[in-house]
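First up is the structure itself, then whatever we jot down about it.
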């Protein structure tokens with residue numbers, strides 16, 4: 001995977017708003033990507049849209065490394081950060097694990113969904129960057145499933161089951177869909193309070209609407225990819241661009257006139273394939 005490297009005097013270049021996701025630094029090849037990643041300008045901001053790693057040490061290392069290089073790093077959690085693997089010394093679960101990671105970010109100067117949404121005033125701005133944490137609620141079901149139970153049953157029968165079912169605990173909520181509903185309600189209120197004249201960059205690990213999941217090789221996996229509750233957010237709120245990851249299918253799509261950027265790195269077996277479609281990180285605000 002070709003990555004931008006410093007060349008000449010980076011202070012002479014115009015700052016960019018860049019985005020990347022699904023670094024998965026538990027893989028040595030992906031860890032090297034982070035080690036080699038450099039801004040193209042002294043003023044570059046970097047959005048990291050989740051799935052940095054699974055272990056607390058991995059996540060902290062990667063975000064610290066990036067925060068030392070980029071003028072500002074903005075993080076939204078993915079499902080992998082929220083896992084509680086047995087080999088992680090930090091055995092917090094659910095909301096407590098998320099809050100622990102928010103505290104880690106604050107110690108590094110990395111902005112999170114719990115912070116005021118920052119204003120980017122460089123090229124393509126001004127835009128307000130809204131890192132979101134919304135989870136999923138199993139509403140991206142298969143066409144023949146009438147409810148979550150049937151959808152999960154079909155997934156198990158097909159052998160397509162997200163690891164979240166074993167490691168992503170919703171504590172203190174009864175289920176991940178309950179946690180999702182709470183996050184959606186909280187975030188919706190915050191977005192409604194934003195100045196409608198300033199466009200938003202909506203950043204969420206999971207896609208905000210179902211259409212990007214239609215290309216999944218295993219359609220049963222879509223139920224772990226988002227919620228129908230956010231399907232109109234890119235229309236309701238003044239959205240310049242929506243940034244997401246999770247699918248490991250980096251591409252640009254348009255929905256109702258709004259650009260969506262999937263910015264994932266993915267696993268080495270994926271990005272090493274001949275013809276992999278997109279270099280990362282991706283400029284968010286293109287001319």
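Can you find a residue in the stretch 132-142 that is in contact (Cβ under 8 Å) with a residue 24 or more places away in the chain and over 21 Å from residue 181 (Cα atoms)? No, the stretch 132-142 contains no residue that is in contact (Cβ under 8 Å) with a residue 24 or more places away in the chain and over 21 Å from residue 181 (Cα atoms). Yes or no: the stretch 161-183 includes at least one residue that is buried (at least 21 other Cβ atoms within 10 Å of the Cβ), modelled with pLDDT of 95 or more and not in a helix (DSSP H, G or I). Checking the stretch 161-183: at least one residue is buried (at least 21 other Cβ atoms within 10 Å of the Cβ), modelled with pLDDT of 95 or more and not in a helix (DSSP H, G or I).
Considering only residues in the stretch 5-26 that are surrounded by fewer than 18 Cβ atoms within 10 Å (Cβ to Cβ) and part of a loop (DSSP other than H, G, I, E, B), the one that is modelled with the highest pLDDT turns out to be 26.
Every residue, every condition in (1) under 16 Å from the mean Cα position of the chain (by Cα); (2) more than 23 Å from residue 121 (Cβ to Cβ); (3) without any contact (Cβ under 8 Å) to a residue 24 or more places away in the chain; (4) not in a loop (DSSP other than H, G, I, E, B), yes or no:
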site	(1), (2), (3), (4)
194	no, no, no, no
197	no, no, no, no
205	yes, yes, no, no
214	no, yes, yes, yes
226	yes, yes, no, no
240	no, no, no, yes
247	yes, yes, no, no
269	no, yes, yes, yes
286	no, no, no, no
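Across the stretch 249-267, the qualifying residues are those that are closer than 24 Å to residue 39 by Cα and part of a loop (DSSP other than H, G, I, E, B), and the one among them that is nearest to the chain's Cα centre (by Cα) is 263.
Taken together, the residues in the stretch 202-229 that are closer than 15 Å to residue 133 by Cβ and in contact with a strand residue (DSSP E or B) (Cβ under 9 Å, 6 or more places away or on another chain) amount to 8.
Scanning the stretch 184-209 for residues being under 24 Å from residue 48 (Cβ atoms), in contact with a helix residue (DSSP H, G or I) (Cβ under 9 Å, 6 or more places away or on another chain) and surrounded by fewer than 18 Cβ atoms within 10 Å (Cβ to Cβ) gives a total of 1. Filter the stretch 259-287 down to residues that are crowded, with 17+ Cβ neighbours inside 10 Å and over 27 Å from residue 128 (Cβ atoms) and give me whichever is modelled with the lowest pLDDT. Among those residues, the one meeting the criterion is 271. Of everything in the stretch 28-37 that is surrounded by fewer than 18 Cβ atoms within 10 Å (Cβ to Cβ) and in contact with a helix residue (DSSP H, G or I) (Cβ under 9 Å, 6 or more places away or on another chain), the residue that is nearest to residue 131 (Cα to Cα) is 35.
One residue stands out among those in the stretch 227-258 that are touching a helix residue (DSSP H, G or I) at 6+ places or on another chain (Cβ under 7 Å) and under 22 Å from residue 22 (Cα atoms): the one that is surrounded by the most Cβ atoms within 10 Å (Cβ to Cβ), which is 242.
Flag set for residue 158, criterion: touching a helix residue (DSSP H, G or I) at 6+ places or on another chain (Cβ under 6 Å) and surrounded by fewer than 17 Cβ atoms within 10 Å (Cβ to Cβ).
The values are calculated or read from the model by the stated rules, or taken from the named source; none is laboratory data. It should be emphasised that the depicted structure is a prediction, and the values quoted were computed from it without experimental measurement. All Cβ positions, even for glycine, are placed from backbone atoms using ideal geometry, and neighbour counts span all protein chains on display.
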